[in-house]
1. What is the Cα centroid distance between the range 136-196 and the range 413-460, reported in whole angstrom?
2. How much mean residue ellipticity at 222 nm does the chain get from its helices, if each DSSP H run of length 4 or more adds -39500 (n - 2.57) and you divide by all residues, to the nearest 500 deg cm²/dmol?
3. Just how large is the dipole of the range 488-571 about the Cα centre, in debye to the nearest 20, putting +1 at every Lys and Arg Cβ and -1 at every Asp and Glu Cβ?
4. Can you list residues whose amide H is under 5 Å from Leu371's amide H, if they're 5+ apart or on another chain and H is modeled 1.01 Å from N?
5. What order, most packed first, do the peptides 442-454, 45-57, 524-536 have when packing is the mean number of other Cβ atoms within 10 Å of each residue?
6. Rolling a 1.4 angstrom probe over the protein heavy atoms, how many square angstrom per residue are accessible across the range 1-125?
7. With a 1.4 Å probe and every protein chain kept in, tell me what percent of the accessible surface of the chain is carbon plus sulfur.
8. Each residue of the range 521-530 in turn: what ³J(HN,Hα) in whole Hz from Karplus with 6.51, -1.76, 1.60 and θ = phi - 60°, glycine and Pro shown as x?
Amino acid sequence: MQNAIGQICHQAQQMASHGDAVGAETMLRRALKSSSGNPILMSTLADILFEQGDVEDALSYYRRLLRKFGPASPASYKAGVALLALDQTEEAIAVLEERIASGQDDPPTLINLGCGQMGLKRFDAAQRTFERVLEKDAGDVTAMLNLVGAAIWRKDFETARRYQALAERLRPGDVQPILAKAAIAVEEKRNADAVAAYRAALAIQPDPGAAAAMLGAALTACDWRTLKEDEAYLRDVVQKGGMVAAMELTRFAVDDEMTFVNSSRLCEAFHRPLADRPVAKRKAGRLVIGYLSSDIREHAVANLFAGLPEAHDRARFEIVLIDAFGGVATALSSSPMRERILRAVDRTLDISRMPAGAAAQAIRRAGVDILVDLNGHSAGNRLDVLRWRPAPVIVNWMGYPGTMGSKVHDYVICDRETAPEGLDRFYSEAIVRLPNFFLSHDDRRIVAPERPSRREVGLKDDAFVFGSFCEVTKWRPERFESWLDLMRGRPDRQLWLYPAEPEAQANLRAFAAARGVEGESIVFAERLSIERHVARLPLADLMLDTSPYGAHTTALEALWMGVPFVTVEGGCFAGRVCAAALKAAGCEALIAADERGYVEIADGLAQAPARLAAIRADLARRKAEGRLFNTAGFTRQLEAAFETMWARAVSGRPVEAFSI
């Protein structure tokens, strides 16, 4: 009997390895049924199911084996791995810890336990777990590299560097230790070292993820020497069927089609739905809106969002914050911005440390009707939760500038400028176009009462000051050349820039000096709290937009403080936001058609003080009259959109684009 079972298992494994997994499964299920649940057959079937991606079915068999043979059996390890693959991390940790307690503390079990602890941000515990592996085998490079990751999260860079160096010595020429070296350098803001490490890794093994990370480090350092080649390589990856991390793509995407194609591939590969959408039912009470975000702290998203829950009509809407922050730093978790938002919402549901399935169940139990995803593809997202479709309607808004490309987001909130008519085919969601501007703005935002003088920030009293406070990763040499064109031969002008890291400042000054702009013509600002930063913005005469990823929050802050922006309308969502903000503020004349027009508008305003003063006066007047990014007015528009979405859902009508 055992020989026959062994032959069946061997034959099934051969069939699966040669592409006939369905035939192998059929044969094993038939044999399993006739053998009254033979554990060898069951284990073989589960392994094949797992390899073919049917992890839930595989887990059901591993659970049966675990119940029969206990935590010391191989089934406990396999069940733990399957649970991790399904994002059921808490249960995976419990299973693996029980296995270890039974005496099975082998390195693979410990490493998977440590990875689960990392997934739940238990970095201290993860580091101890990986150290336990190294106590058993001092040469386990996999444990070393995982320990490096935990140490980076803990900001223990000395430990990270020590184990990375050891891993590289043990595996010379292996790409993974070199990538770990790059990751450490990025976190320590040694971007030139990071670029060098990424290049070394790419020379061994081409990889789009490493190439995108290298591009990010190079842009942070304003090292543009191979920028064209690096961006061309990543565009080519997408055009040939590959994928790049979505937020990385926004740095160089030239059109909406590229964003759509890339995001769709990412979601198909990693974020396919795991459950059916709940049915929307008519209700007599308030509509429950759940805002999901990991950025409710001192963050650009929170700065935009803060006034919204305060302005919602509580007679018609109940507001639930689905909090995914789970911040490691206490200072962030208790910030005034965070406390203000927590006070403003009706309820807070903390899912920051919940596994995906449990978080989705909690959202359903909270009765959320419309779930608004404020993260999208940005860092800290909970797409693992959204895969479980925890609400009848799911909306993409604010956190990611473009389409999600997913099958779980029903709508994306835009306006007619950021998502012009005719581009709907490049969005997986139905587009909801608001009448003015798609981002909320907090018109009660706190601005520091102290207004610094120009001399206090290093500017000349009598200079014409151009400013750009977009982060340096948005800067490109072509646009910087345009800024230098405005400065060259004009000692009465200054360029006031975002507070870049020292290596970036050195690279930019060298770039400018080679083109005839030196010395005090370029001034780098210092880092300040958001309240003090916004207070100093009026010291600039005119703000200059970046490309291809333009100003978003930065544009709203400047316009709110009465400082005009000049932009070129971009080719994709991320490049059109500033133009949309300018149109909403009545400044259409500051939107150029091309780079030459951009320079002409900026130069013309620098030479026409009366015209510039009139624009600034108009912005001040709109603000005083409540016509500039009015929070209450915007909230009424957004609420109308929510009610339209819900009416469609409860009537069973398909998801379709509409305008407010």
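The values are calculated or read from the model by the stated rules, or taken from the named source; none is laboratory data. All figures in this text were calculated on a predicted structure; none of them were measured in a lab. Quick reminder, even Gly has a Cβ in these numbers, built from the backbone with ideal geometry, and neighbours come from all protein chains shown. The accessibility values were calculated without ligands, DNA or RNA, using every heavy atom of the protein model including side chains. Shrake-Rupley method; radii C 1.70, N 1.55, O 1.52, S 1.80 Å.
1. 39
2. -16000 deg cm²/dmol
3. Taking the Cα centre of the range 488-571 as origin, the dipole is about 180 debye.
4. The list, which skips near neighbours in sequence, is Gly290, Val393, Ile394, Val395.
5. Order by mean packing, descending: 45-57, 524-536, 442-454.
6. It amounts to 49 Å² per residue over the range 1-125.
7. The nonpolar share, carbon plus sulfur, comes to 51 percent.
8. Listing the rounded values in order: 5, 10, 10, 9, 6, 8, 6, 9, 4, 4 Hz.
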